[in-house]
């Protein structure tokens, strides 16, 4: 297991760049997870503040003490933390920017949810004599529901590619066969939060599997 990249550290928290395929929290059947791997790497325990899906890569905050974890969890609940993502979607939104507000069902209960999107680039690719469109999207969370971005994009007709839970399964198989695209194309790329008494923004580049997908689908150059 390669070392988990740490992009920022102070006395209270660490901000890591979680790789695609690494679970955040351990459990039955999970061999590698942030809460197991990172303490081994650092030599001291860490405490989870928020989550990313196992297949979502990108910026994640972990705390050094339970008290600090509680502090940053409260900041998240008060919307004092801004989380921004990049996604490659199958299809294209009708507008260049907008807000998705479909409710999300969890355990039979409907929850309000809000995702802001901006279209960064789009392309058309011919598959078996049919033209298919793809989009590079910048997304900002208004709420933090489980799988929110993946659900919202799927509900609105432009699911994240290689999403094996909410995506276009037939297209995912084609993408894997044609372009070897098999990892979820979603990454937490920018995080803004209060650190040491001031707002700080942290950024990371797209993971290699997403840059390869952009190249394959003709999305690398900006319109």
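Structure summary
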item: Failed criterion for residue 61 (all others in (1) over 23 Å from residue 12 (Cα atoms); (2) buried (at least 20 other Cβ atoms within 10 Å of the Cβ); (3) not assigned by TED's automatic domain parsing to the domain that holds residue 216 hold); result: (1)
item: Boolean, residue 28 is out of contact with any helix residue (DSSP H, G or I) (no Cβ under 8 Å at 6 or more places or on another chain), assigned to a loop (DSSP other than H, G, I, E, B) and crowded, with 19+ Cβ neighbours inside 10 Å; result: no
item: Single residue of 132, 191, 184, 137 found to be modelled with pLDDT of 95 or more and under 14 Å from residue 92 (Cα atoms); result: 137
item: Residue in segment 92-101 that is in contact (Cβ under 8 Å) with a residue 60 or more places away in the chain and in the same structural domain as residue 196 (by TED's automatic domain parsing) present; result: yes
item: Residues of segment 86-102 satisfying the condition of being in contact with a helix residue (DSSP H, G or I) (Cβ under 6 Å, 6 or more places away or on another chain) and part of a strand (DSSP E or B); result: 88, 89, 90, 100
item: Condition met for residue 70 (part of a strand (DSSP E or B), modelled with pLDDT of 95 or more and out of contact with any helix residue (DSSP H, G or I) (no Cβ under 8 Å at 6 or more places or on another chain)); result: no
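The values are calculated or read from the model by the stated rules, or taken from the named source; none is laboratory data. Nothing here was measured: the structure is a model prediction, and the numbers come from that model. When we count neighbours, we look across all protein chains shown, and the Cβ atoms used for this are built from the backbone with ideal geometry, even at glycine.
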